[in-house]
């Protein structure tokens, strides 16, 4: 199936107390270029994202962004700094005893001293986070690939339409080519009569010249190869594997045959047809640059 290298996909879900959003977008590139944007705390996801996307995409400049917002605070650990808390309590007790004061020191007052608590984040459960991200990533890539395939259908239809136009132009070349030999024969005969006047024209010499000319301008081999290339183009469009690079090479061959026809034909009308063929080839080449 033809896929465009341009695509976009997005998905969001709430999983295990996390709000996860994954976005994928891509543009044309000769090879596969992958980059990801994730929060520093989740940098362990980068290699996993790259491996996952490489299984689905073969060409294109792909950017993947993952946003994870924790809606619950289970990943925060609060610990008591026991030595500091004991120090506060002992100091208060000493103060009360020394100056005969009422000890009204409470837990609430002790807890108001933030420095007696140690707050740190719990170690990230990488497997749990990756499983959650992978669930959202799957939906994002489905949307992403679907868009590339939709764009690919449009590219395929346009390319095949232009390929059909090229075949119709090749038919005109094939119709015109024998006529050029006939016109050359008539022109050559006219010139020889002008030169020789009433003298007899050497028909054998005339036939030899015409045969040499016909062989020189013959484009049958080129039109046959060009038709074969177009057939191959149709076949490539039915492949399930990425075919962008193959198509690029094939279009070079089609253009080469068109150039050869134009240089050999020695005919204004065929030259004009070849210009039309090359125009269609160039449009196909432009479209192929978008294909994976």
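May I ask you to say which residue of 191, 162 is more than 19 Å from the chain's Cα centre (by Cα) and either assigned by TED's automatic domain parsing to the domain that holds residue 34 or modelled with pLDDT of 95 or more (or both)? Full working, then the answer.
Working: 191 fails: either assigned by TED's automatic domain parsing to the domain that holds residue 34 or modelled with pLDDT of 95 or more (or both).
Residue meeting the stated conditions: 162.
Being buried (at least 16 other Cβ atoms within 10 Å of the Cβ), in contact (Cβ under 8 Å) with a residue 12 or more places away in the chain and in a helix (DSSP H, G or I) is the filter here; which residues of the stretch 240-259 pass it? Write out each step before concluding.
Initial filter on the stretch 240-259 (buried (at least 16 other Cβ atoms within 10 Å of the Cβ)): 242-244, 246-247, 250-251, 254-255, 257-258.
If we keep only those that are in contact (Cβ under 8 Å) with a residue 12 or more places away in the chain too, we end up with 242-244, 247, 250-251, 254-255, 257-258.
Listed by number, the residues that qualify are 244, 247, 250, 251, 254, 255, 257, 258.
Could you tell me how many of the residues in the stretch 41-88 are without any contact (Cβ under 8 Å) to a residue 12 or more places away in the chain and under 28 Å from the mean Cα position of the chain (by Cα)? Spell out how you get there, then give the answer.
Step one: filter the stretch 41-88 for residues without any contact (Cβ under 8 Å) to a residue 12 or more places away in the chain, giving 43, 46-47, 51, 55, 73, 82-83, 86-87.
With the extra rule that they be under 28 Å from the mean Cα position of the chain (by Cα), the set shrinks to 43, 46-47, 51, 55.
Of the residues in the stretch 41-88, 5 are without any contact (Cβ under 8 Å) to a residue 12 or more places away in the chain and under 28 Å from the mean Cα position of the chain (by Cα).
Would you be able to say whether some residue in the stretch 60-67 is surrounded by 15 or more Cβ atoms within 10 Å (Cβ to Cβ) and at pLDDT below 90?
Checking the stretch 60-67: not a single residue is surrounded by 15 or more Cβ atoms within 10 Å (Cβ to Cβ) and at pLDDT below 90.
Name the residue that is nearest to residue 163 (Cα to Cα), counting only residues in the stretch 200-237 that are out of contact with any helix residue (DSSP H, G or I) (no Cβ under 8 Å at 6 or more places or on another chain) and modelled with pLDDT of 90 or more.
By that ranking, first place goes to 231.
For the stretch 44-59, give me each residue that is over 17 Å from residue 129 (Cα atoms) and either in contact with a strand residue (DSSP E or B) (Cβ under 6 Å, 6 or more places away or on another chain) or surrounded by 11 or more Cβ atoms within 10 Å (Cβ to Cβ) (or both). Quick ask: steps written out before the conclusion?
To start, the set of residues in the stretch 44-59 that are over 17 Å from residue 129 (Cα atoms) comprises 53-59.
Those that are over 17 Å from residue 129 (Cα atoms) and either in contact with a strand residue (DSSP E or B) (Cβ under 6 Å, 6 or more places away or on another chain) or surrounded by 11 or more Cβ atoms within 10 Å (Cβ to Cβ) (or both): 53, 54, 56, 57, 58, 59.
Residue check, residue 31 against (1) modelled with pLDDT of 95 or more; (2) within 14 Å of the chain's Cα centre (by Cα), all met but one. Which one?
Residue 31 satisfies every listed condition except (1).
Does the stretch 68-79 contain any residue that is surrounded by 15 or more Cβ atoms within 10 Å (Cβ to Cβ) and at pLDDT 85 or above?
yes
Please indicate, with yes or no, whether at least one residue in the stretch 133-146 is outside any helix (DSSP H, G or I) and either exposed (fewer than 13 other Cβ atoms within 10 Å of the Cβ) or in the same structural domain as residue 42 (by TED's automatic domain parsing) (or both). First the steps, then the outcome.
Here is the first cut: in the stretch 133-146, the residues outside any helix (DSSP H, G or I) are none.
No, because not a single residue in the stretch 133-146 is outside any helix (DSSP H, G or I) and either exposed (fewer than 13 other Cβ atoms within 10 Å of the Cβ) or in the same structural domain as residue 42 (by TED's automatic domain parsing) (or both).
Of all residues in the stretch 22-37, which are in contact (Cβ under 8 Å) with a residue 60 or more places away in the chain and under 9 Å from residue 53 (Cβ atoms)?
24, the sole residue that qualifies.
Can you find, within the stretch 7-22, the residue that is farthest from residue 292 (Cα to Cα) among those that are within 16 Å of the chain's Cα centre (by Cα) and surrounded by 19 or more Cβ atoms within 10 Å (Cβ to Cβ)? Write out each step before concluding.
Our first condition is that a residue be within 16 Å of the chain's Cα centre (by Cα); within the stretch 7-22, this holds for 7-9.
Checking which are surrounded by 19 or more Cβ atoms within 10 Å (Cβ to Cβ) leaves us with 7, 9.
Details: 7: 11, 9: 17 Å.
Here the answer is 9.
Looking for whichever is touching a strand residue (DSSP E or B) at 6+ places or on another chain (Cβ under 9 Å) and modelled with pLDDT of 90 or more here; the options are 291, 254, 277. Which one fits?
Details: 254 fails: touching a strand residue (DSSP E or B) at 6+ places or on another chain (Cβ under 9 Å); 277 fails: touching a strand residue (DSSP E or B) at 6+ places or on another chain (Cβ under 9 Å).
Matching residue, one of 291, 254, 277: 291.
The values are calculated or read from the model by the stated rules, or taken from the named source; none is laboratory data. All values reported here derive from a predicted model rather than from experimental measurement. As a convention, Cβ positions derive from the backbone with ideal geometry for all residues, glycine included, and neighbour counts pool all protein chains shown.
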